[in-house]
Every structure is written in structure tokens, then in C-alpha cells.
Amino acid sequence: MGKIVDARGLNCPEPVIMTKKAMDEDRSIAITAIVSNETARENVSKLGRSQGYGVEVEQKGQDYYIYLSPGADNGELEKTAGDITVLVKSSLFGEGDNELGQVLMKSFLYTLNELDQQVKHMIFMNSGVRLTSEGSPVLEHLTALEAKGVEILSCGTCLDFYHLKEKLAVGKVTNMYTAMELLTNATKAITL
């Protein structure tokens, strides 16, 4: 018999945190997480995969049932030597003049592409998600970084807030729990 995590009516990161707590209690049992919105469905599914669980999703009415079955390795995230995670909190680089902030952000991302760097993840939060969306002046740099193996992640709550979820042009949607996990597990974290 598995464990049921009823997170209906809750917004992220609560369903993810509740599911992670259930995983931590006993990594050998199956878990069924029940959520009532697509963002929670996506985020709990990503958590399951990142933790080594098999993931199956079934929609029943308005709710999503996410069946998580434990895998052989139980998928703990590992620190990798040289693993750098960059958190981008704004569409501008630094504070001050907006025009200068845009120029500096474009220059930063261009330079990051040119360096022999070990950036593994770039997480975009708040107005930073504008950089990963249609019409962004830095899409070519972010696309090039993604092609080099950098995982580009944009906050789902932020995309929703700015009405950009359907306009995401590079990378994937993430949540606060995953972002914090990546930042705290990174060898080095850089915040812009």
C-alpha cells in the first residue's frame, strides 16, 4: 500500500514540498500525489523524475493523480565538481539605468557563451523570465547556452504573473522547490 498526498487546491511550491516530505519518510513506497492545477502537476512530476521515481499521470475530472513509483537508485541529486548555477532575478543586470542594465545583461550572456565555463543551470525568477520569453533581446545567447548543455529554467509562478507562460521561447518551466534544490546543491551559485 502506498502513500497518498492530497494537495488539491494548493499552489506551488506546497504540493512539491508535501510530496518531497512523503518521499523522505519512506523512499521504498509508491506515492500518489493528487493536485488540481497543471503547474502543480508539472512540478510534482519533475520532482518525481529528479528523485528517481517512475512517473505516471492520470486526469480524473479536474484533478491530476500523479503515480510515483520508487526506482532502483532513488535518484538523489549529486553535486558535481565545478557545477555552477546562476540565478537571474531581473531582466536587467544590476541596478540603476534601465538601458545600461539591458546592455550589461546582453554582454554578460554573450561573454558567458564565450567562456569555457561549467555553468550547469540558469534559473530565471521574477522579471528575469522576460529574458526567456518571445521578444527577448538575448534569446540567441540563451539558446546557444542551452545547446552547450546549460539547463535554462524559468519560474512557472513568475511566467504566470507576467502572462508569459505561453510565450516561453527557451528552456523549461520550474518551481521554487527545484530552484532552491539546484542552488543549494551547486558547487557555486551566482546571483544577478
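Please treat every number below as a calculation from the coordinates, not as lab data. What you are looking at is a predicted structure, and each value in this text was computed from that prediction instead of being measured. Positions of Cβ are generated from backbone atoms using ideal geometry, with glycine treated the same way; all protein chains shown enter the neighbour counts.
Applying a DSSP loop filter and a limit of 13 other Cβ atoms within 10 Å to the trypsin sites (Lys or Arg not before Pro) in region 118-192 leaves Lys148. Taking GluC sites (Glu not before Pro) in DSSP loop states with no more than 13 other Cβ atoms inside 10 Å as exposed sites, the chain has its longest site-free stretch at 1-75. Helix 14-25 and the longest principal axis of the Cα set of the chain meet at an angle near 60°. With a cut-off of 15 Å between beta carbons, the residues surrounding Pro137 carry a summed charge of 0, where Lys and Arg count +1 and Asp and Glu -1.
Computed extension gain for Leu115 through Asn98, at 0.36 nm per residue and net of the alpha carbon distance, reaches 3.6 nm. Between Gly156, Gly128, Gly52, the GNM of the chain built on Cα springs shorter than 10 angstrom shows Gly52 fluctuating the most.
In straight-distance terms, cross-link reach from Lys60 covers every one of the lysines whose alpha-carbon lies under 26 Å from its own, apart from those fewer than eight places away in the same chain; here that gives Lys3, Lys20, Lys21, Lys46, Lys165, Lys172.
The residues packed around Ile34, meaning those with a beta-carbon under 11 Å from its beta-carbon, carry a net charge of 0 if Lys and Arg are +1 and Asp and Glu are -1. Helix 38-50 versus the longest principal axis of the chain: what is the Cα-based angle in degrees, 0 to 90, to the nearest 10? Long axis of 38-50 versus the principal axis of the chain: about 80 degrees. Taking 0.36 nm per residue of separation and subtracting the Cα-Cα distance, full extension of the segment from Ala144 to Ile190 would add 14.6 nm. From the helices alone, meaning DSSP H stretches of at least four residues, give me the mean residue ellipticity at 222 nm for the chain, per-run term -39500 (n - 2.57), in deg cm²/dmol to the nearest 500. The helix contribution divided over the chain gives -10500 deg cm²/dmol.
Rounded, prolate or oblate, given the Cα gyration tensor of region 84-191, with a/c below 1.5 counting as rounded? Rounded, since a/c falls under 1.5.
Summary value for region 84-191: 33 percent relative contact order, contacts being C-alpha pairs under 8 angstrom separated by 6+ residues. Only the Cβ atoms of Lys and Arg (+1) and of Asp and Glu (-1) were treated as charged; on that basis the dipole of the chain about its Cα centre amounts to roughly 140 debye.
Between region 109-164 and region 1-59, the C-alpha centres lie 26 angstrom from each other. Helix 98-114 and the longest principal axis of the C-alpha atoms of the chain enclose an angle of approximately 70°. Shape verdict for region 3-69, please, from the Cα gyration tensor: rounded (a/c under 1.5), prolate (a/b greater than b/c) or oblate. It is prolate, given that a/c is not under 1.5 and a/b is the larger ratio.
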